[in-house]
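To keep things clear, I will list the structure first and then write my remarks on it.
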Amino acid sequence: MFLFTGICGYNRTRMAKPQAPISARLLRWYAAHARDLPWRRTRDPYRVWVSEIMLQQTQVETVIPYYRRWLKRFPTARALAAAPLSDALAMWEGLGYYSRARNLHRAAQRVVEEFGGRVPREAASLRALPGVGRYTAGAIASIAFGANAAVLDGNIKRVLARVFNLADDVKSAAGEKKLWALAESILPSGRAGEHNQAMMDLGATICRPQTPLCDSCPLMTLCEARRLGLQNKRPVTRRKPATPHYDVTAAIIRHHGRVLIAQRPAHKMLGGLWEFPGGKHEGGESLPDCLKREIWEELRMKIEVGEQRLTLKHAYTHFRITLHVFEARWVGGKPKAVDVAAFKWVRPSQLQRYAMGKTDRAIAESLL
């Protein structure tokens with residue numbers, strides 16, 4: 001007997017939770033219930049890496065077709081590194097969080113330049129690549145190279161918070177530190193890759209955010225939150241603030257059968273993608289006045305705003321927008337890239353060639 005304190009957020013006298021049975025039960029369950037996913041049919045580190053980047057903040061079902069198309073177009077890190085960024089963004093279109101594609105492209109170039117096209121084995125080298133953090137490095141190292149490296153994603157946080165009844169906010173620095181320690185404490189030497197994937201699957205299919213299927217869980221009798229009837233109160237997370245909303249304008253500027261599109265600067269959100277120019281509405285101005293101001297600031301063009309063509313709503317991670325799309329006519333000023341990376345006049349039938357975000361793609365499709 002000992003005083004179990006601190007790491008799980010409560011103090012009480014009880015037997016230490018045996019760590020080996022947790023991994024043993026997980027691995028037995030995983031052998032019978034593992035999801036059949038395309039990236040699990042290989043230990044190619046590049047393919048494992050691509051899957052892990054795509055799976056960040058994106059559901060498995062959404063990722064599968066993108067993963068297959070990506071590997072058909074970019075089967076190796078060398079193939080990705082040799083391709084222009086525009087091709088990578090085009091293949092990523094619709095998957096969202098486009099910084100992942102930009103980082104993956106830059107990282108592939110680093111792999112070719114510094115490692116001869118072979119994904120590095122060492123965690124420190126992996127973490128030095130753009131877009132590869134502690135979780136992704138651990139996933140690649142454990143799954144592709146068999147390293148004894150832990151991982152911690154949203155599913156695994158939830159499982160650990162329930163099994164160990166963690167009372168800390170799992171998104172806080174203190175909560176993260178404890179969760180990483182717990183993840184490492186139950187890692188089975190030599191089978192970390194299977195164990196990590198088992199934890200992911202358990203969180204995705206059994207230890208769900210709402211109404212966990214406790215009676216089907218291989219860790220049911222080891223779960224402290226379930227023993228205390230707290231499984232629906234774990235994990236603890238801070239309440240999200242209200243999501244801000246913005247009105248945004250965009251212009252369909254026509255000239256001799258073509259429309260104007262602009263490329264977003266690489267350092268900004270959706271960097272490298274093409275869009276119909278415009279911007280955020282400020283207080284005290286009408287939507288047409290907003291559009292005129294934005295087009296001048298971005299392209300030094302004067303426009304005449306016509307009828308409103310579309311109204312689109314879209315939610316990003318931290319905010320929501322209503323996009324007001326207007327027809328417009330170029331009436332003065334010589335276009336130049338002031339606050340955009342580039343601009344082009346293209347025929348509507350050519351718009352499919354340019355990688356765009358979801359709302360701009362909807363505008364483009366409306367023109368066809």
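The values are calculated or read from the model by the stated rules, or taken from the named source; none is laboratory data. This structure is a prediction, so every number in the text was calculated from the model and none was measured. Note that each Cβ is placed from the backbone with ideal geometry, even for glycine, and that neighbours are counted across all protein chains shown.
Okay, residues lined up against (1) on the phi > 0 side of the Ramachandran plot; (2) touching a strand residue (DSSP E or B) at 6+ places or on another chain (Cβ under 7 Å); (3) touching a residue at least 60 places away in the same chain (Cβ under 8 Å):
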{"position": "Gly117", "(1), (2), (3)": "yes, no, no"}
{"position": "Ser125", "(1), (2), (3)": "no, no, no"}
{"position": "Arg162", "(1), (2), (3)": "no, no, yes"}
{"position": "Asp169", "(1), (2), (3)": "no, yes, yes"}
{"position": "Ser172", "(1), (2), (3)": "no, no, yes"}
{"position": "Ala183", "(1), (2), (3)": "no, no, no"}
{"position": "Met200", "(1), (2), (3)": "no, no, no"}
{"position": "Arg208", "(1), (2), (3)": "no, no, no"}
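Evaluate segment 115-125: report whether one residue or more is within 30 Å of Glu275 (Cα to Cα), aromatic (Phe, Trp, Tyr) and assigned by TED's automatic domain parsing to the domain that holds Val48. The answer is no; no qualifying residue exists.
Reported count of residues in segment 18-42, each being part of a helix (DSSP H, G or I), surrounded by 13 or more Cβ atoms within 10 Å (Cβ to Cβ) and either on the phi > 0 side of the Ramachandran plot or not aliphatic (A, V, I, L, M) (or both), is 10. Here Tyr135 passes the criteria (1) in contact with a Leu (Cβ under 7 Å, 6 or more places away or on another chain); (2) in a loop (DSSP other than H, G, I, E, B) except the one numbered (2). Considered as a group, the residues in segment 97-119 that are among the polar types (S, T, N, Q) and either at pLDDT 95 or above or over 12 Å from the mean Cα position of the chain (by Cα) (or both) include one that is surrounded by the fewest Cβ atoms within 10 Å (Cβ to Cβ), and that residue is Asn103.
Answer with yes or no whether Arg208 is at pLDDT 95 or above, in the same structural domain as Leu89 (by TED's automatic domain parsing) and surrounded by 13 or more Cβ atoms within 10 Å (Cβ to Cβ). Can you show your working first?
Details: at pLDDT 95 or above: yes; in the same structural domain as Leu89 (by TED's automatic domain parsing): yes; surrounded by 13 or more Cβ atoms within 10 Å (Cβ to Cβ): yes.
So Arg208 passes the test.
Of all the residues in segment 244-295, those that are among the polar types (S, T, N, Q) and under 31 Å from the mean Cα position of the chain (by Cα) number 2. Assigned to a strand (DSSP E or B), closer than 17 Å to Glu275 by Cα and touching a Ser or Thr at 6+ places or on another chain (Cβ under 6 Å) - does that describe any residue in segment 324-344? Yes - at least one qualifying residue is present in segment 324-344. Of the strands (runs of 3 or more DSSP E) entirely within segment 205-302, those holding at least 2 residues that are small (Gly, Ala, Ser) occupy 245-255, 278-280. Residues in segment 272-300 that are loosely packed, with under 14 Cβ neighbours inside 10 Å and small (Gly, Ala, Ser): Gly283, Gly284, Ser286.
Consider Ala225 carefully, then state whether it is farther than 27 Å from Arg40 by Cα, buried (at least 22 other Cβ atoms within 10 Å of the Cβ) and in the same structural domain as Thr58 (by TED's automatic domain parsing).
yes
When Ile140, Ile156 are checked against the criterion of being touching an Asp or Glu at 6+ places or on another chain (Cβ under 8 Å) and assigned to a helix (DSSP H, G or I), a single residue qualifies: Ile140. Scanning segment 324-343 for residues that are loosely packed, with under 13 Cβ neighbours inside 10 Å and of a type in the set (D, E, K, R) yields Lys334, Lys336.
Being surrounded by fewer than 20 Cβ atoms within 10 Å (Cβ to Cβ) and either more than 23 Å from Arg320 (Cβ to Cβ) or without any contact (Cβ under 8 Å) to a residue 12 or more places away in the chain (or both) is the filter here, so list the residues in segment 243-262 that pass it.
Step one: list which residues in segment 243-262 are surrounded by fewer than 20 Cβ atoms within 10 Å (Cβ to Cβ), which gives 243-247, 254-258.
Scanning segment 243-262 gives Arg254, His255, His256, Gly257, Arg258.
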